[in-house]
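What follows is a short report on a single structure.
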Amino acid sequence: MPDRDYDMNYKGLSLGLGLFSLALGAAELFAPKRIARRLDAEDHAGVVRGFGAREVVAGLGILASPAASATVWNRVAGDAIDLGTLGLAARRSPTNRAIWGAIAFVIGTTVLDVVTARGLDRQTGKLWPLREPAAA
């Protein structure tokens with residue numbers, strides 16, 4: 001029976017997540033007021049901008065070392081922060097559909113991030129983006 005883990009291209013998924021992080025981060029950096037307003041958090045545009053910076057850094061880290069799972073686990077940590085913040089926003093505005101849509105989107109992204117990070121852990125065995133020592 002073939003090993004399904006090796007049928008998946010986790011490094012390719014990682015690269016896709018890196019590009020996604022850059023795009024999401026750019027949106028959060030360049031339109032934080034618009035995003036904050038949609039989430040009924042007009043007074044928190046700075047938080048959105050900060051989250052955008054975090055996404056850009058995460059994306060650059062993944063693109064620099066797509067086989068290292070730590071870079072994708074970093075996204076998972078960011079997802080947890082996003083979900084906590086969106087949960088607070090949902091408490092403030094429980095009928096805002098944009099908030100609930102964002103929560104659903106982040107949950108879906110988190111699942112993809114975890115699957116990719118775990119797959120990289122198994123496939124590459126490379127947690128940290130460090131180069132392997134050269135063979136003598």
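The values are calculated or read from the model by the stated rules, or taken from the named source; none is laboratory data. Here the structure is a predicted model, which is why all the values come from computation and not from measurement. No Cβ is skipped: glycine too gets one built from the backbone with ideal geometry, and neighbour counts run over all protein chains shown. Heads up: the accessible areas ignore ligands, DNA and RNA and are worked out on the full protein's heavy atoms, side chains in. Shrake-Rupley method; radii C 1.70, N 1.55, O 1.52, S 1.80 Å.
With the structure loaded, tell me whether I62 is surrounded by 16 or more Cβ atoms within 10 Å (Cβ to Cβ) and either assigned to a helix (DSSP H, G or I) or in contact (Cβ under 8 Å) with a residue 24 or more places away in the chain (or both) or whether it fails that test.
Answer is yes for this residue.
Let me spell it out: the conditions are (1) at pLDDT below 95; (2) part of a helix (DSSP H, G or I); (3) in contact with a helix residue (DSSP H, G or I) (Cβ under 8 Å, 6 or more places away or on another chain), and D40 meets all of them except one. Which number is the exception?
(2)
Count, please, the residues in segment 26-46 that happen to be free of Cβ contacts under 8 Å to residues at least 40 places away in the same chain and either in contact with a Ser or Thr (Cβ under 7 Å, 6 or more places away or on another chain) or basic (K, R) (or both).
Selection size over segment 26-46: 3.
Take R118 and tell me if it is modelled with pLDDT under 95 and assigned to a helix (DSSP H, G or I).
Yes: the conditions hold for R118.
Tell me whether segment 100-119 contains one or more residues that are open to solvent by 30 Å² or more (accessible area, probe 1.4 Å) and over 15 Å from the mean Cα position of the chain (by Cα).
yes
Might you let me know whether segment 76-99 holds any residue that is within 30 Å of T124 (Cα to Cα), in a helix (DSSP H, G or I) and in contact with a Gly (Cβ under 8 Å, 6 or more places away or on another chain)?
The answer is no, given that none of the residues of segment 76-99 is within 30 Å of T124 (Cα to Cα), in a helix (DSSP H, G or I) and in contact with a Gly (Cβ under 8 Å, 6 or more places away or on another chain).
Could you list all residues from segment 66-78 that are crowded, with 19+ Cβ neighbours inside 10 Å and not aliphatic (A, V, I, L, M)?
Those that are crowded, with 19+ Cβ neighbours inside 10 Å and not aliphatic (A, V, I, L, M): P66, S69, T71, N74, R75, G78.
Hey, among the residues in segment 87-99 that are surrounded by fewer than 19 Cβ atoms within 10 Å (Cβ to Cβ) and either basic (K, R) or touching a Leu at 6+ places or on another chain (Cβ under 9 Å) (or both), which one's nearest to V48 (Cα to Cα)?
A98
Taking into account only those residues within segment 23-34 that are crowded, with 16+ Cβ neighbours inside 10 Å and not small (G, A, S), which is farthest from the chain's Cα centre (by Cα)?
The selected residue is P32.
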